[in-house]
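Derivation of every value follows stated rules applied to the coordinates shown; laboratory data play no part. Fair warning: this is a prediction, and the values are worked out from it, not measured in the lab. Quick reminder, even Gly has a Cβ in these numbers, built from the backbone with ideal geometry, and neighbours come from all protein chains shown.
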Amino acid sequence: MDARKAEHLMSEVDAFAHWYVVPDPFSTGRFLALTLFAEFPDTVRVARRLTGAFLRGAGVKDIVDDVQLAVSELVGNVVNHAVPDRHLAEPGGARRIDVTFKLWPKWLFVGVADEDSTPPVLPVGEAFSPGLMGELSEAVLPDRGRGLLIVQRLAVAVWWTPEDRGGKTVWCRFDLDHEATIGPD
């Protein structure tokens, strides 16, 4: 294995290790957890605004638009598609959406949890080359998975994890500019 591949592999392992833990409040990491409810008409807008406020407050401004769009898509998927597992559903109850941010100097991890254990359909790739689509690109887009396709294009990695209590979390990772520093303005 050449040195560049080994360095990339070590970087990925390091990122995974940081995703797995909650940042220590005395370290350089930041952590935020939000609970939203799918039945409110402005849930996606609130998630987008709180995402921007958290990132700007942490001094990470260069990826705000991309992360806001990714969070909008993930929260929108819960609002439009998630059906709570039977043991988590309450008659007349609101569907819970938990949004988690784990911010480190090198990475931002975003998780959107819902009460539906059905695995997300992560797009595998493009069905057609952009050159073949021409002016009919909207006609050949898949009916499902467009939001996750957008998230995959914006983030470095997208994956999901099942929750012990039921439900799942869809995660995405953004790599931060190594020159940028995390801190208040």
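Values computed for the structure shown
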item: Low-density loop positions, trypsin sites (Lys or Arg not before Pro), the range 41-127 - DSSP coil, at most 15 other Cβ in 10 Å; result: Lys61, Arg86
item: Per-pair calculated FRET efficiency, R0 = 41 Å: Asp2 and Arg45 via Cβ, rounded to 0.05; result: 0.30
item: Two-site FRET efficiency, Lys61 against Arg86, from Cβ-Cβ distance with R₀ of 35 Å, rounded to 0.05; result: 0.25
item: Pairwise centroid distance, computed over Cα atoms, of the range 158-174 with the range 63-79, Å; result: 15 Å
item: Förster radius 25 Å - calculated FRET efficiency between Ala53 and Ala157 (Cβ-Cβ, nearest 0.05); result: 0.55
item: Tensor-based shape of the range 32-72 (alpha-carbon gyration tensor, a/c under 1.5 rounded, otherwise prolate or oblate); result: prolate
